[in-house]
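The values are calculated or read from the model by the stated rules, or taken from the named source; none is laboratory data. Bear in mind the structure is a predicted one, so any value in this text is a computation, not a measurement. Backbone-built Cβ (ideal geometry, glycine too); neighbour counts: all protein chains shown. To get the accessible areas, we keep the full protein, side chains included, count just its heavy atoms, and leave off ligands, DNA and RNA. Shrake-Rupley method; radii C 1.70, N 1.55, O 1.52, S 1.80 Å.
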Amino acid sequence: MTVLRNDVAALRQAQGPRGIPDATVARLPVYLRALTALVDQGISTCSSNDLAAAAGVNPAKLRKDLSYLGSYGTRGVGYDVEYLRYQIARELGQTQDWDVVIVGVGHLGSALSAYRGFSTRGIRIAALVDSDPERIGTEVAGVTVAPMADLESIVREHGIAIAVIATPGEAAQGVADALVSAGVTSILNFAPAIVTVPEGVAVRKVDLSIELQILAYHEQRRSAEAPGGGAGPWAADGEVSL
């Protein structure tokens, strides 16, 4: 099929330094997952409505998001699923493998290191680091846990740019400082703490407790709005009913 392919570099230049909005970037992995599922089902083309439904987004939003990458659709035909999947994967840096270090090998760090889904998305857990003498030297998911003292040499040896912090909150800032000093420029922070980093270093925060609290809020609202649900433990004047 004939697919319209705009010059992505020219598009980026026209957009200026702002580039692709963060909100769009956050949705690209969702589109990639939906496209991969379509490929697995043997579907070669799809409309924007079908792709939006598979990704759980509004079709207009999806079309606007994809316009930042270029024009990969054909009017009246739709998108070439495999080609669009490749373009999004390339935009996300998934056409190459990225070595990642996880700092903190407790329950969460161990679970993350054993997650097999990373490898299918171009992510390889190349190193595990911890400060606990009882964990150093042990093996988790086939990777030997190294001491914090080896962090800089590990980053240099593997060319690591991305790191995961899975430590207790009180250790997070010190770990972030060590990662930045070692040359890491992107950090995924699972620790229950906010870390500050210099300009030029990207940090994404994942707080599972906050996400659960948000879900609890929605559940409370749903219960209160249900017939006969009442206001639950919360009184109408905002005081707690005990």
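Note on Arg221: accessible area approximately 110 square angstrom, rounded to 10, probe 1.4 Å, nucleic acids and ligands left out.
Using the Cβ-Cβ distance between Thr196 and Leu108 with R0 set to 25 Å, the FRET efficiency from 1/(1 + (r/R0)^6) comes to roughly 0.70. Taking label positions 7 Å along the Cα-Cβ direction at both Ala149 and Thr185, the computed distance is 3.0 nm, reported to one decimal. Over region 132-208, accessible surface divided per residue gives 54 Å², non-protein components excluded, 1.4 Å probe. Rounded, prolate or oblate: which fits the chain when a ≥ b ≥ c are the square roots of the eigenvalues of the alpha-carbon gyration tensor, with rounded for a/c under 1.5 and prolate only if a/b beats b/c? Oblate is the answer for the chain, as a/c is 1.5 or above yet b/c matches or exceeds a/b. From most to least packed by mean Cβ count within 10 Å, the peptides 203-210, 61-68 give 61-68, 203-210. Enumerate the residues in region 88-109 having an amide nitrogen under 19 Å from the point lying 7 Å beyond the Cα of Thr138 toward its Cβ. Of the residues in region 88-109, 102-109 have backbone N under 19 Å from the label point off Thr138. Beta bridges from DSSP with both residues in the chain: antiparallel share about 25 percent, rounded to the nearest 5. The helix-only estimate of mean residue ellipticity at 222 nm for the chain, built from DSSP H runs of length n ≥ 4 each weighted as -39500 (n - 2.57), is -13000 deg cm²/dmol after division by the residue total. Nonpolar atom fraction for the chain, defined as the carbon and sulfur part of the 1.4 Å probe accessible area, stands at 54 percent. Each residue, Arg156 and Ser48, gets one label point 7 Å from its Cα in the Cβ direction; the gap between the two is 5.1 nm.
Hull volume per residue, based on the alpha-carbon atoms of region 100-194 and their convex hull, is 91 Å³.
Along its principal axes, region 75-129 has C-alpha extents of 52, 18, 12 angstrom, given from the largest down.
How much net charge surrounds Arg63 when only the other residues with a Cβ under 13 Å from the Cβ of Arg63 are counted, with Lys and Arg +1 and Asp and Glu -1? Net charge in that neighbourhood comes out at +2. Taking Gly117, Gly78, Gly200 as the candidate residues, the one with maximal mean-square fluctuation in a Gaussian network model of the chain, Cα springs under 10 Å, is Gly200.
Of interest is the spacing of the C-alpha centroids, which for region 130-153 and region 67-108 amounts to 31 Å.
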